Ligand SMILES: [Zn+2]
């Protein structure tokens, strides 16, 4: 199994449990490690947290949200926010890359960085560019084409112009 298949497998396995969990309670903070398996062994994640990887992931909380959005980091205590519906129905590669992206924001939060610095547009914000850089590097390592990476970068709320800006910062030809 290649690393991506392995991660997808682990995610799918967690999702089955998540489905049960959703019925019980949503919005509670849960342990990241109970739902996202194997990320402590993941090289991209180890590239973010280094020797602290196990410790950070062990302490990281995740909150499953309802209807809107994809994933994010709560800027009051640095826990992960995940749309449960996206996790169930979204593209597994996108989800995997989003986790890498958000874990970079977790690191930034721990460093005391302002995650939503309003002085910058989203696509120009240094914290976003750093997080996207990790995901693009990982996407390339997995062998994703430029076209597929651009598809990943483009979200429905991003204009073509913004996509071009973001892609330029990341040196991806879109
Ligand atoms: Zn981000």
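The values are calculated or read from the model by the stated rules, or taken from the named source; none is laboratory data. Given the structure is predicted, the values throughout are model-derived calculations rather than measurements. Methodologically, a virtual Cβ is constructed for each residue, glycine included, from the backbone with ideal geometry; neighbour enumeration extends over all protein chains shown.
Write out, first by first residue and then by second, each pair whose Cβ atoms fall under 7 Å of each other, whose residues are 6+ apart or on separate chains, and whose first residue, in region 105-118, is closer than 17 Å to residue 134 by Cα while the second is within 12 Å of the ligand (Cβ to nearest atom) and in a loop (DSSP other than H, G, I, E, B). That search, which allows pairs on different chains as well, returns 105/115; 108/115; 109/75; 109/115; 115/75.
As a summary of the residue check, residue 142 satisfies the conditions (1) within 16 Å of the ligand (Cβ to nearest atom); (2) in contact with a helix residue (DSSP H, G or I) (Cβ under 7 Å, 6 or more places away or on another chain) except for the one numbered (1).
Can you find even one residue in region 126-139 that is within 23 Å of residue 172 (Cα to Cα), touching a residue at least 60 places away in the same chain (Cβ under 8 Å) and away from the ligand (no atom under 11 Å from the Cβ)?
yes
The set of residues in region 33-69 being free of Cβ contacts under 8 Å to residues at least 24 places away in the same chain and more than 21 Å from residue 138 (Cβ to Cβ) consists of 34, 55, 59, 67, 68, 69.
Closer than 22 Å to residue 153 by Cβ, modelled with pLDDT of 90 or more and out of contact with any helix residue (DSSP H, G or I) (no Cβ under 7 Å at 6 or more places or on another chain): does that describe residue 121? Taking the combined requirement at face value, the residue satisfies it.
Residue 51 satisfies every condition listed in (1) away from the ligand (no atom under 16 Å from the Cβ); (2) in contact with a helix residue (DSSP H, G or I) (Cβ under 6 Å, 6 or more places away or on another chain); (3) not in a strand (DSSP E or B) except (2).
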